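Participant: What follows is a structure written as structure tokens; I'll ask about it next.
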Amino acid sequence: MKQEVNPNETSRAWAFQMWMKSPVPMVTLVKTFDVTQLCKVCKRNGLKFNKLLCWCLGRAARDIDEFYLLPKDGRLYKFDRLAINVIVDNAKGGISTCDIPYNDDFQQFSRDYDAITLKCSTNCEEIADEEAMILGTSAVTGTELDCIVNQYNGIYNNPFLAWGRYRKSWFKVTLPISMQFHHAQMDGGHAARYLE
């Protein structure tokens, strides 16, 4: 459920005043992760890497209060649940986006992920969950990337995580992930805790 809250009654009061009217309110952090274990789990269980990574991103966010806040149009909104936005190739050769409800139960998340991405891809339609706080994601796997930066103008204010193709070496698989967030929503310390 989405609910407007008074920023002055939250821990983000000062940041909201400082950053809500900033022409460039977004912050981007980039961290390289060791995803060797994730790749092994995927291979052993026949899972899609992107699906498991999206679940892990939701799992890491679920206990951080700031991930449930969204600064938008001069207001602050609070949500009681999360969803992961996924970009899929659609049947017309373009892309479509869909929101997958986050669930602690990976099996349920997996079923929702498969059903919603298939419907979105097949029907070439956007599937949005307006009642959930959305963690945006983008997997640009056509190349290895060091960093991705999205819009910096505060129009799309949700946290946004993006990555390219993972990198294999002899004993390790790594993946740089860019995390962008609105400074009124959280500070670098919150984002660093999330990335850890």
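Participant: Looking only at segment 102-119, decide whether some residue is of a type in the set (A, V, I, L, M, F, W, C) and under 13 Å from the mean Cα position of the chain (by Cα). Even if it seems obvious, please write down each step before you answer.
Facilitator: First, pick out the residues of segment 102-119 that are of a type in the set (A, V, I, L, M, F, W, C): 106, 109, 115-116, 118.
Going one step further and asking which of them are under 13 Å from the mean Cα position of the chain (by Cα), we end up with none.
The answer is no, given that none of the residues of segment 102-119 is of a type in the set (A, V, I, L, M, F, W, C) and under 13 Å from the mean Cα position of the chain (by Cα).
Participant: I need the full set of residues from segment 136-163 which are touching a Cys at 6+ places or on another chain (Cβ under 9 Å) and either hydroxyl-bearing (Ser, Thr, Tyr) or in a loop (DSSP other than H, G, I, E, B) (or both), in order please.
Facilitator: Of everything in segment 136-163, just one residue is touching a Cys at 6+ places or on another chain (Cβ under 9 Å) and either hydroxyl-bearing (Ser, Thr, Tyr) or in a loop (DSSP other than H, G, I, E, B) (or both), namely Thr137.
Participant: Take Val149 and decide whether it is of a type outside the set (Gly, Ala, Ser), touching a Phe, Trp or Tyr at 6+ places or on another chain (Cβ under 9 Å), within 23 Å of Asp89 (Cβ to Cβ) and open to solvent by 20 Å² or more (accessible area, probe 1.4 Å). I'd like the intermediate steps shown before the answer.
Facilitator: Values: of a type outside the set (Gly, Ala, Ser): yes; touching a Phe, Trp or Tyr at 6+ places or on another chain (Cβ under 9 Å): no; within 23 Å of Asp89 (Cβ to Cβ): yes; open to solvent by 20 Å² or more (accessible area, probe 1.4 Å): yes.
When the stated conditions are applied, Val149 does not pass them.
Participant: With (1) in contact with an Asp or Glu (Cβ under 8 Å, 6 or more places away or on another chain); (2) of a type outside the set (A, V, I, L, M); (3) assigned to a helix (DSSP H, G or I) as the list, and Ser11 as the residue in question, which single condition is left unmet?
Facilitator: For Ser11, the exception is condition (3).
Participant: For segment 83-137, which positions are more than 20 Å from Phe160 (Cα to Cα) and polar (S, T, N, Q)?
Facilitator: Matches in segment 83-137: Asn90, Gln107, Gln108, Ser110, Ser121, Thr122, Asn123.
Participant: Answer with yes or no whether Thr174 is without any contact (Cβ under 8 Å) to a residue 60 or more places away in the chain and open to solvent by 20 Å² or more (accessible area, probe 1.4 Å).
Facilitator: Working: without any contact (Cβ under 8 Å) to a residue 60 or more places away in the chain: no; open to solvent by 20 Å² or more (accessible area, probe 1.4 Å): yes.
So Thr174 does not fit the description; no.
Participant: Test Thr137 against the criterion of being open to solvent by less than 60 Å² (accessible area, probe 1.4 Å), of a type outside the set (Gly, Ala, Ser) and touching a residue at least 40 places away in the same chain (Cβ under 8 Å), and give yes or no.
Facilitator: On the way: open to solvent by less than 60 Å² (accessible area, probe 1.4 Å): yes; of a type outside the set (Gly, Ala, Ser): yes; touching a residue at least 40 places away in the same chain (Cβ under 8 Å): yes.
In short, yes.
The values are calculated or read from the model by the stated rules, or taken from the named source; none is laboratory data. Bear in mind the structure is a predicted one, so any value in this text is a computation, not a measurement. All Cβ positions, glycine included, derive from the backbone under ideal geometry; neighbour counts span all protein chains shown. Areas reflect the complete protein model, heavy atoms only, side chains present, ligands, DNA and RNA absent. Shrake-Rupley method; radii C 1.70, N 1.55, O 1.52, S 1.80 Å.
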